[in-house]
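Colleague: Structure in C-alpha coordinates, see below.
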Amino acid sequence: MRKHIRFFVVIVLASLLGSINIGCVVHSYYGINGFALDSKTGKPIQGAAVVVVNYAHYSSLGGASYGPDDAIEASTDSDGKFILSKKFFWGLEPNHSYYQMYIFEPNYEFVSFSDESGANGLYRADGSPILSIASTIQGRAYEFRLSRLETESQKKNNAENVWIHEFTPIAEKFPNFMKLVNAERHKYGISDVFLWNN
(Lines give C-alpha, C1' and ligand atoms only; values in the text may rest on other atoms or scores of the structure.)
Protein backbone atom coordinates (compact mmCIF):
# COMPACT_ATOMS: atom_id res chain seq x y z
CA MET A 1 0.00 0.00 0.00
CA ARG A 2 2.82 2.40 0.91
CA LYS A 3 4.56 1.67 -2.41
CA HIS A 4 1.36 2.61 -4.26
CA ILE A 5 1.06 5.85 -2.28
CA ARG A 6 4.69 6.79 -2.93
CA PHE A 7 4.26 6.07 -6.62
CA PHE A 8 1.13 8.25 -6.72
CA VAL A 9 2.92 11.13 -4.95
CA VAL A 10 5.82 10.95 -7.40
CA ILE A 11 3.42 11.09 -10.38
CA VAL A 12 1.54 14.08 -8.92
CA LEU A 13 4.77 15.97 -8.17
CA ALA A 14 6.12 15.28 -11.64
CA SER A 15 2.92 16.60 -13.17
CA LEU A 16 3.02 19.75 -11.06
CA LEU A 17 6.67 20.44 -11.83
CA GLY A 18 6.00 19.95 -15.49
CA SER A 19 3.37 22.70 -15.44
CA ILE A 20 5.40 25.21 -13.41
CA ASN A 21 8.03 27.55 -14.84
CA ILE A 22 10.78 27.02 -12.28
CA GLY A 23 12.94 29.78 -13.77
CA CYS A 24 15.67 27.80 -15.53
CA VAL A 25 15.13 25.39 -18.36
CA VAL A 26 17.38 23.54 -20.79
CA HIS A 27 17.69 25.00 -24.26
CA SER A 28 19.82 23.60 -27.05
CA TYR A 29 20.47 24.73 -30.57
CA TYR A 30 20.25 22.08 -33.27
CA GLY A 31 23.24 19.85 -33.76
CA ILE A 32 25.33 21.81 -36.25
CA ASN A 33 27.55 20.44 -39.00
CA GLY A 34 28.57 21.51 -42.46
CA PHE A 35 31.32 22.43 -44.89
CA ALA A 36 33.55 25.37 -45.75
CA LEU A 37 34.23 25.53 -49.49
CA ASP A 38 36.05 27.83 -51.89
CA SER A 39 33.39 29.94 -53.62
CA LYS A 40 35.04 29.63 -57.05
CA THR A 41 36.50 26.14 -57.15
CA GLY A 42 34.20 24.36 -54.69
CA LYS A 43 37.26 22.80 -53.08
CA PRO A 44 37.25 22.21 -49.30
CA ILE A 45 38.85 24.74 -46.98
CA GLN A 46 40.88 23.01 -44.27
CA GLY A 47 41.72 24.59 -40.91
CA ALA A 48 38.92 27.16 -40.77
CA ALA A 49 37.81 27.94 -37.21
CA VAL A 50 34.05 27.77 -36.60
CA VAL A 51 32.34 29.08 -33.46
CA VAL A 52 28.73 29.17 -32.25
CA VAL A 53 27.78 31.41 -29.31
CA ASN A 54 24.36 30.99 -27.72
CA TYR A 55 22.42 34.03 -26.50
CA ALA A 56 19.75 33.50 -23.85
CA HIS A 57 16.79 35.70 -22.98
CA TYR A 58 16.75 36.51 -19.27
CA SER A 59 13.69 37.81 -17.44
CA SER A 60 13.93 39.57 -14.10
CA LEU A 61 12.17 42.17 -11.98
CA GLY A 62 14.25 44.85 -13.67
CA GLY A 63 13.11 43.80 -17.15
CA ALA A 64 14.42 41.49 -19.85
CA SER A 65 17.74 41.27 -21.62
CA TYR A 66 19.81 39.04 -23.89
CA GLY A 67 23.27 37.82 -23.11
CA PRO A 68 25.79 35.19 -24.25
CA ASP A 69 25.73 32.20 -21.93
CA ASP A 70 27.74 29.46 -23.68
CA ALA A 71 29.84 28.67 -26.74
CA ILE A 72 31.39 25.80 -28.68
CA GLU A 73 34.04 25.67 -31.42
CA ALA A 74 35.40 23.33 -34.10
CA SER A 75 37.85 23.33 -37.03
CA THR A 76 37.28 22.13 -40.58
CA ASP A 77 39.06 18.94 -41.63
CA SER A 78 40.70 18.01 -44.94
CA ASP A 79 37.24 17.66 -46.49
CA GLY A 80 36.26 21.12 -45.25
CA LYS A 81 33.82 19.53 -42.82
CA PHE A 82 33.07 20.73 -39.29
CA ILE A 83 30.91 19.16 -36.59
CA LEU A 84 29.60 20.99 -33.54
CA SER A 85 28.10 18.37 -31.27
CA LYS A 86 24.67 19.06 -29.85
CA LYS A 87 25.18 20.96 -26.64
CA PHE A 88 22.81 22.22 -23.98
CA PHE A 89 22.60 25.85 -22.97
CA TRP A 90 20.89 27.08 -19.83
CA GLY A 91 18.67 30.16 -19.83
CA LEU A 92 15.19 31.52 -19.30
CA GLU A 93 12.53 31.42 -22.00
CA PRO A 94 14.56 29.43 -24.54
CA ASN A 95 12.17 30.16 -27.41
CA HIS A 96 13.54 33.69 -27.45
CA SER A 97 17.18 32.60 -27.66
CA TYR A 98 19.35 32.87 -30.75
CA TYR A 99 22.94 32.17 -31.70
CA GLN A 100 25.85 33.98 -33.33
CA MET A 101 28.13 32.05 -35.67
CA TYR A 102 31.67 32.95 -36.78
CA ILE A 103 34.00 31.35 -39.32
CA PHE A 104 37.59 32.42 -39.99
CA GLU A 105 40.49 31.21 -42.10
CA PRO A 106 43.31 33.71 -42.85
CA ASN A 107 43.16 33.29 -46.64
CA TYR A 108 39.37 33.67 -46.89
CA GLU A 109 36.73 36.24 -46.07
CA PHE A 110 35.56 36.40 -42.44
CA VAL A 111 31.87 35.62 -41.98
CA SER A 112 29.60 36.34 -39.02
CA PHE A 113 26.01 35.07 -39.02
CA SER A 114 23.13 35.45 -36.57
CA ASP A 115 19.83 33.58 -36.69
CA GLU A 116 18.19 36.30 -34.57
CA SER A 117 16.25 37.64 -37.54
CA GLY A 118 15.20 34.19 -38.68
CA ALA A 119 17.47 34.46 -41.73
CA ASN A 120 18.07 31.19 -43.56
CA GLY A 121 21.31 32.17 -45.28
CA LEU A 122 23.67 34.90 -46.46
CA TYR A 123 24.06 36.20 -49.99
CA ARG A 124 26.39 38.51 -51.89
CA ALA A 125 25.19 41.54 -53.84
CA ASP A 126 25.13 39.46 -57.04
CA GLY A 127 22.87 36.88 -55.39
CA SER A 128 25.50 34.17 -55.01
CA PRO A 129 25.34 32.36 -51.65
CA ILE A 130 27.88 32.88 -48.90
CA LEU A 131 25.98 30.55 -46.58
CA SER A 132 23.26 28.02 -47.32
CA ILE A 133 21.37 26.21 -44.55
CA ALA A 134 19.46 22.94 -44.75
CA SER A 135 17.45 21.31 -41.97
CA THR A 136 18.11 17.62 -41.36
CA ILE A 137 16.98 15.03 -38.84
CA GLN A 138 20.27 15.52 -36.99
CA GLY A 139 19.92 19.31 -36.91
CA ARG A 140 21.16 21.96 -39.30
CA ALA A 141 23.66 21.54 -42.13
CA TYR A 142 25.60 24.62 -43.17
CA GLU A 143 27.53 25.20 -46.37
CA PHE A 144 29.85 28.20 -46.38
CA ARG A 145 31.19 29.32 -49.78
CA LEU A 146 34.00 31.70 -48.93
CA SER A 147 35.86 34.03 -51.30
CA ARG A 148 39.61 33.60 -51.37
CA LEU A 149 41.67 36.71 -50.58
CA GLU A 150 44.24 37.32 -53.29
CA THR A 151 46.37 40.18 -51.93
CA GLU A 152 48.10 41.03 -48.67
CA SER A 153 46.03 44.20 -48.48
CA GLN A 154 42.82 42.15 -48.62
CA LYS A 155 44.11 39.79 -45.94
CA LYS A 156 45.08 42.70 -43.67
CA ASN A 157 41.68 44.37 -44.07
CA ASN A 158 39.97 41.05 -43.43
CA ALA A 159 41.89 40.47 -40.18
CA GLU A 160 41.27 44.05 -39.12
CA ASN A 161 37.53 43.75 -39.74
CA VAL A 162 37.07 40.67 -37.56
CA TRP A 163 34.76 41.66 -34.74
CA ILE A 164 33.65 39.49 -31.84
CA HIS A 165 30.80 41.03 -29.88
CA GLU A 166 31.26 38.71 -26.90
CA PHE A 167 32.21 38.95 -23.25
CA THR A 168 35.69 37.77 -22.27
CA PRO A 169 34.51 34.68 -20.28
CA ILE A 170 32.55 33.46 -23.33
CA ALA A 171 35.49 34.05 -25.71
CA GLU A 172 37.64 31.90 -23.43
CA LYS A 173 35.51 28.97 -24.60
CA PHE A 174 36.83 29.23 -28.16
CA PRO A 175 40.61 29.68 -27.69
CA ASN A 176 41.62 28.17 -31.04
CA PHE A 177 39.50 30.66 -32.95
CA MET A 178 40.91 33.60 -30.96
CA LYS A 179 44.47 32.33 -31.39
CA LEU A 180 44.07 32.02 -35.17
CA VAL A 181 42.49 35.47 -35.54
CA ASN A 182 44.93 37.30 -33.26
CA ALA A 183 47.97 35.64 -34.89
CA GLU A 184 46.81 37.00 -38.24
CA ARG A 185 46.20 40.46 -36.74
CA HIS A 186 49.67 40.51 -35.13
CA LYS A 187 51.17 39.65 -38.52
CA TYR A 188 49.96 43.05 -39.75
CA GLY A 189 50.68 44.95 -36.53
CA ILE A 190 47.03 44.98 -35.42
CA SER A 191 46.08 44.59 -31.75
CA ASP A 192 44.00 41.70 -30.41
CA VAL A 193 40.27 41.52 -31.13
CA PHE A 194 38.38 43.72 -28.68
CA LEU A 195 36.32 41.84 -26.11
CA TRP A 196 33.72 43.21 -23.74
CA ASN A 197 34.27 42.83 -20.00
CA ASN A 198 31.18 41.90 -18.01
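Colleague: Can you tell me which residue among Ser112, Ser78 is part of a loop (DSSP other than H, G, I, E, B) and modelled with pLDDT of 70 or more?
Modeller: Matching residue, one of Ser112, Ser78: Ser78.
Colleague: Under 16 Å from Ile45 (Cβ atoms) and in contact (Cβ under 8 Å) with a residue 24 or more places away in the chain: does that describe Phe144?
Modeller: yes
Colleague: For Glu184, all conditions in the list (1) among the acidic types (Asp, Glu); (2) part of a helix (DSSP H, G or I); (3) exposed (fewer than 15 other Cβ atoms within 10 Å of the Cβ) hold save one; what is the number of the exception?
Modeller: Single failed check for Glu184: (3).
Colleague: Determine if segment 158-179 includes at least one residue that is assigned to a strand (DSSP E or B) and surrounded by 13 or more Cβ atoms within 10 Å (Cβ to Cβ).
Modeller: Within segment 158-179, one or more residues are assigned to a strand (DSSP E or B) and surrounded by 13 or more Cβ atoms within 10 Å (Cβ to Cβ).
The values are calculated or read from the model by the stated rules, or taken from the named source; none is laboratory data. If you're wondering where the values come from, they're calculated on a predicted model, not measured in any experiment. Cβ atoms come from the backbone with ideal geometry, glycine included; neighbour counts cover every protein chain shown.
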